[in-house]
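Participant: Okay, handing you the structure first.
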Amino acid sequence: MKRYFAGVDIGSTMTKVVIFSDRIEATIIGPTGPEHRKLANKVMEEALNLAQIRFENLSYIIATGYGRINVPFADRQITEITCHAKGLHSLLPTVKTIVDIGGQDSKGIKIKDGKVVSFVMNDKCAAGTGRFIEIMADSIGVPLEDMGIISLTAEKAAPISSTCTVFAEHEIINKLASGETIPNLIAGIHESVATRVSAMVKKLTIEQDVAVTGGGAKNIGLVKALEKKLGCSIIVPPEPLITGALGASVLAKEIFEKYEREGQMPVRSSCGLQEAKIFS
Amino acid sequence: MAEEKKGRALATKAAASIPKFVRGNLAATIKAKEEGKKVAYAYIADGQDEIMRAMDIVPAWGESFAGVCAAKRDAEKYLQKAESDNFSRSLCTYATCTIGFDMIRSELGVDIVPDAPWGGMGRPDMILGSAQLLCDPRFKWPQATQHYLRDVPIFVGAMYYPPFDPKLNHHEQEKFYVKYCTEELRECVKFCEKHTGKKMDWDRLAEIVELSDKTWDLFIDTYELRKAIPTPMDTGDAMNTMVPLTFNLGTQEAYDFYKQLYDELQEKVKNKEGVVEPEKYRLIWAAGLPSWFALGDFQYFNSKGATFPVEVTYRGCEKIERLELPKTSDPLEHIAWRWVRYWTHWYDKARKRPGSLPKVERIIEYIEEYKCDGVVFHSAFSCRSWHAGIIHQAETLKKVYKEIPILILEGDIVDISSYNEADTHNRIDAFIEAVDAYKSRMG
Ligand code: SF4
C-alpha cells in the first residue's frame, strides 16, 4: 500500500504544502496575508485534492517555517533550516551551500549529505530580505514580479547607500526625481540586497554548488547580482518556494520509517484538519 | 513601567544566593559613607581589586549595576538619558547605562539616585579606571562619567599584555609588559593613598593577594567538576556564580562561596544529578557577554536537552600552578605576572597548531575536556572590542579544528531593543537540530 506524507511550511508571506510518497504527489503554494495564515488547513485540503487522497491517508505530517508551532494537525515541528537543507538535497544533491531569501528574513545554510552543518540568519533587519525589494517596488510603482527582468536592461546599477529600508525608500524617491532610470534603480536595489545577503552568507565559508531558494530566487536580477557578489554561479531549483515544505515531507517519511524499523509507532497529533488558533 | 521577567530556575543553591551578594555589594557603596569608607567606581578585570580591598575602598562596579538594570528590564531610562546628551546607542551599553544614571544623579544634585534598581550605586569618591582590554570605552567611560561628577578624581591605568604573533616568542616580551603593569599598579596605589589619606599596608595586600590566588585555584577546581556527565551546573548558573570572582576577589566571602559551590557540585556529581534529564547535548559558551535581560534563554536550551558544562566568559582565572609564575616578594608584581600569564599561557599551544589563535586554542581545549558537541557565541553589538573577533574565532575554529556546529546569537548586554525572543528561540531550535545531526554523523 502506498504511504503518503505531508510537509507544511508556514512562511511569513506564503503557506506551502507538499504531499510526498516516494515522489512529489502534490505541491500547493497558498495565499499570503495575515488573514490567510491561519488557514493552513485550507491549503492542505487543496493539496489533498490535487493528490486525490484524504487527510486520513497521511501517515505523518511535519510543519516548518516561522508559524510551525501553530499547525494543530501537524505531528511534529522542525525548523525551516533543517527542512530547507533536506528538501534541496533531495532535488539537487550536489548543493553544499543554500542561500534562502524569504519575505521577512534571509539565511545561509551549509549542508553535508542533506544535513545542516552550519547556518546564519538575518532576521533582524528588512534590508537583505524580500521585504526590502517589495517596499522599493511599491515606491517606484513597478510590480514585484517585473523587478527582475526590468533590472536586466540597466546600463549601470544606481548605488543605494542607505541600508535602512525607510531611508533607502527616501533615497530612491530622490534619485527618481533627479532623473535616474528605473532599470538602473532596480539594479541598484538588487545590488544592495545582494551585498547584505552575501556578507552574511560569506560567514559560512561558501562551498559550491550554491543554490538559492525562497521568493528571492524568482527574481532573476537579484540572482545575477548575488552571483556577482559571491563570485560563483548559482543554481535555482525548479520551484524555489517549496523546498522547505518538500524537506518537511521527506523528513516526515524518514522519521515515520525509522519508527517502523524500530517496531514503534510515532505519536500523532490528535487534531483533525482544523485551522490554526493563533493568527487572529 | 519597567517590565520585570519572572524568575529563572537555577540548578544550584549557590547560584540562587548570588542576588544577595550583588545587592550586598551595591548596599555597601551606599553604607560606605556612614562607615567612613571611600567608594570607587571600578571596572571588571582591572587588576586593582586587591589594592582596593587592602585600602578599605568599596568598589562600585559599573558592569554589575548595568547588568542588574538589564536583568530587571529597567535600563531604558538610563540609556535614553545618555542618548539625550548625544551618547550613541551603538556605544557600550554598560557605559551608557551608568553614564545615564550619573547624569540623573548630577541633575538632581543628590548622592543617592531615587528609583534605581536595587538602590543603585553610591556616589563615588574616586574613579579607578583600567583600560587593559584595549577597549575604547575602558578609557572613555571613566572620563565621560567624570564629566557629570566634576569633583571626583580619576585614575585610568592600563594593564597590557603581549599580543599574539605566531612568529614571535612572547616569553621575551612578557617581562617588559609585567614591568609596565607593575608600574601602573604602583601609580594606582599612590592615587588611592592620596585620596584616602591612608598608607598602603603592604603585608595586608600580600595576604589578600594570597587569598585571591587560593580563590582562583578553588574556582577552577570547582568548575572542573562540571566535566562530569551529566554536568551538575551550566552556564546559566555560571553567569551568577561568577559574581564573587569578578566583583569580590580578595575577600573571604568569595573564597567561602566557591567552597560552598564545590561541596554542592561534588554532591551532585556523586548522585549523578544533572542540569537536564536526559542530557542530550553538551555545548560550550565560547565567547560573548550574555543578554542580561534574557538569561531565561539558557533554560530554553535546557528544555531541548542541552546544557553548557563550560564557558569562556567570566572564567577570568586559571590554576596558579598552570601559569608558572616567577617568584617575587612584591605583591603588585605578582598581580602583574598573574594577569599577563593568564592571557599568554595559551600562546605556546596556539603556536603549535598552524593558523590557530590563543582564544581558539582555549575553546578547543574546553571542547575536548568537557566533551562538547556544539559551540555557541553571543555577539553583543554594543561591545565592539570583545565581540568583533567572534566571527573570526568561529571561522578559525572550523578551519584548524573541525566542522563542529556553531551558533552565533546576536543581541546586546543591556539594550533590550536588539532582542527578539521568538527569533532567538528559532535559531536555537535550528542549532539543536544541527547538533543532533552532527552527533548522529559522528556516531
Ligand atoms: S565595550 Fe565591552 S569590553 Fe569595553 S567596557 Fe563595554 S562591555 Fe566591557
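Participant: Long-range amide H contacts for residue B:281: which residues qualify at under 5 Å (H placed 1.01 Å from N, peptide plane, sequence gap of 5 or more or a different chain)?
Facilitator: When sequence neighbours closer than 5 places are left aside, the close amide H contacts are B:306, B:307.
Participant: Return the carbon/sulfur percentage of the accessible area of chain A, one whole number, probe 1.4 Å, all protein chains in place. Don't jump to the answer; show the numbers that get you there.
Facilitator: Numbers: 6380 of 12140 Å².
The nonpolar share, carbon plus sulfur, comes to 53 percent.
Participant: Expressed as cubic angstrom per residue, what is the convex hull volume of the alpha carbon set of chain B? Before the final figure, lay out the partial values.
Facilitator: Working: hull volume 60.0 nm³, N = 443.
Convex hull volume per residue, Cα atoms: 135 Å³.
Participant: Relative to the first principal axis of the alpha-carbon coordinates of chain A, what is the inclination of helix A:220-230, with its axis defined by its Cα atoms, in degrees from 0 to 90 and to the nearest 10?
Facilitator: The helix A:220-230 is inclined about 80 degrees to chain A.
Participant: Using the C-alpha gyration tensor of the protein assembly as shown, what are the square roots of 5 times its eigenvalues, in whole angstrom, with the largest one first?
Facilitator: Working: eigenvalues 503, 180, 119 Å².
Square roots of five times the eigenvalues give 50, 30, 24 Å.
Participant: For a label point 7 angstrom out from the Cα of residue A:178 toward its Cβ, which stretches of region A:127-161 have the backbone nitrogen within less than 13 Å?
Facilitator: A:158-161
Participant: Let me ask another. Could you size up the charge dipole of the protein assembly as shown around its Cα centre, putting +1 on the beta carbon of Lys and Arg and -1 on that of Asp and Glu, and report it in debye to the nearest 20? The partial results should precede the final answer.
Facilitator: Working: 92 positive and 99 negative charges, 201 e Å.
The dipole of the protein assembly as shown has a size of about 960 debye.
Participant: Further question on the same structure: What's the FRET efficiency of residue A:156 with residue B:136 using the Cβ-Cβ distance as r and R₀ = 45 Å, to the nearest 0.05?
Facilitator: Values: r = 39 Å, r/R0 = 0.87.
The calculated FRET efficiency here is 0.70.
Participant: Averaged across B:423-435, how many Cβ atoms of other chains sit within 10 Å of each residue's Cβ atom?
Facilitator: Details: counts 6, 1, 2, 10, 7, 1, 8, 13, 5, 2, 9, 12, 1.
Averaged over the peptide's residues, the number is 6.
Participant: Here is a further query. Taking 8 Å as the Cα distance limit and 6 or more residues as the minimum spacing, I'd like the relative contact order of chain A as a percentage. Mind dumping the intermediate values first?
Facilitator: Working: 619 pairs, mean separation 76.0, N = 280.
Across chain A, relative contact order equals 27 percent.
Participant: Another one. Working out 0.36 nm times the residue gap between residue A:94 and residue A:208, then minus their Cα-Cα distance, what length gain in nm do you get to one decimal?
Facilitator: Working: separation 114, 0.36 × 114 = 41.04 nm, distance 0.81 nm.
Using 0.36 nm per residue and subtracting the Cα-Cα distance, I get 40.2 nm.
Participant: Once you wrap a convex hull around the alpha carbon atoms of region A:96-230, what is its projected area averaged over all directions, in nm²?
Facilitator: Details: hull surface 29.7 nm².
For region A:96-230, the mean projected area of the Cα convex hull comes to 7.4 nm².
Participant: Reachable aspartates and glutamates from residue B:179, Cα under 14 Å, same-chain residues fewer than 8 places away excluded?
Facilitator: Once the sequence-local aspartates and glutamates are set aside, what remains near residue B:179 is B:187, B:330, B:333.
Participant: Each residue of region B:185-196 in turn: what ³J(HN,Hα) in whole Hz from Karplus with 6.51, -1.76, 1.60 and θ = phi - 60°, glycine and Pro shown as x?
Facilitator: 5, 4, 5, 4, 4, 4, 4, 5, 4, 4, 8, 9
Participant: Using Cα centres only, tell me the gap between region B:386-411 and region A:202-270 in whole Å.
Facilitator: 24 Å
Participant: What residues have an amide H closer than 5 Å to that of residue A:15, excluding those fewer than 5 places away on the same chain, when H is modeled at 1.01 Å from N in the peptide plane?
Facilitator: Correct list: A:30.
Participant: Under a point spin-label approximation (7 Å from Cα along Cα-to-Cβ), what is the residue A:50-residue A:21 distance to one decimal in nm?
Facilitator: 1.7 nm
Participant: Turning to a different aspect of this structure: For residue B:272, list the lysines whose Cα falls under 16 Å from its own Cα; do not include residues on the same chain fewer than 8 positions away.
Facilitator: Correct list for residue B:272: B:227, B:280.
Participant: Taking the Cα centre of region A:96-230 as origin, work out the dipole magnitude from +1 charges on Lys and Arg Cβ and -1 charges on Asp and Glu Cβ, in debye rounded to 20.
Facilitator: Working: 16 positive and 16 negative charges, 126 e Å.
Taking the Cα centre of region A:96-230 as origin, the dipole is about 600 debye.
Participant: So what's the projected area for chain A, the Cα convex hull averaged over all directions, in nm²? Before the final figure, lay out the partial values.
Facilitator: Values: hull surface 59.9 nm².
Directional mean of the projected Cα hull area for chain A stands at 15.0 nm².
Participant: Sticking with this one: If I model a spin label as a point 7 Å beyond the Cα along the Cα-Cβ vector, how far apart are those points for residue A:270 and residue B:151 in nm?
Facilitator: Between residue A:270 and residue B:151, the simple spin-label model gives 7.1 nm.
Participant: Now for a different question. How large is the dipole of region B:111-230 about the Cα centre if only Lys and Arg carry +1 and Asp and Glu carry -1, each at its Cβ, rounded to the nearest 20 debye? Mind dumping the intermediate values first?
Facilitator: Values: 16 positive and 20 negative charges, 56 e Å.
Its charge dipole is roughly 260 debye.
Participant: Step through the table entries B:20/B:77; A:16/A:224; B:77/B:140; A:202/B:439; B:402/B:439; A:110/B:439, compare each Cα-Cα distance with 18 Å, and write down the pairs that go over it. All intermediate terms of the calculation are to be shown ahead of the outcome.
Facilitator: Details: B:20/B:77 24 Å; A:16/A:224 26 Å; B:77/B:140 21 Å; A:202/B:439 25 Å; B:402/B:439 13 Å; A:110/B:439 16 Å.
Listed pairs above 18 Å: B:20/B:77; A:16/A:224; B:77/B:140; A:202/B:439.
Participant: Which residue, B:243, B:188, B:262, has the largest displacement toward the positive end of the dipole of region B:159-274 when charges sit on each Cβ (Lys, Arg +1; Asp, Glu -1)?
Facilitator: Farthest towards the positive end: B:188.
Participant: So who's got an amide H within less than 5 Å of the one on residue A:213, skipping anything under 5 residues away but keeping other chains? H placed 1.01 Å off N, in plane.
Facilitator: Distant-sequence amide H within range of residue A:213: A:99, A:100, A:101.
The values are calculated or read from the model by the stated rules, or taken from the named source; none is laboratory data. Just so you know, these numbers come straight off a predicted model, no measurement behind them. Cβ: placed from backbone, ideal geometry, glycine included. Neighbour counts: every protein chain shown. Surface accessibility is based on the protein's heavy atoms, side chains included, excluding ligands, DNA and RNA. Shrake-Rupley method; radii C 1.70, N 1.55, O 1.52, S 1.80 Å.
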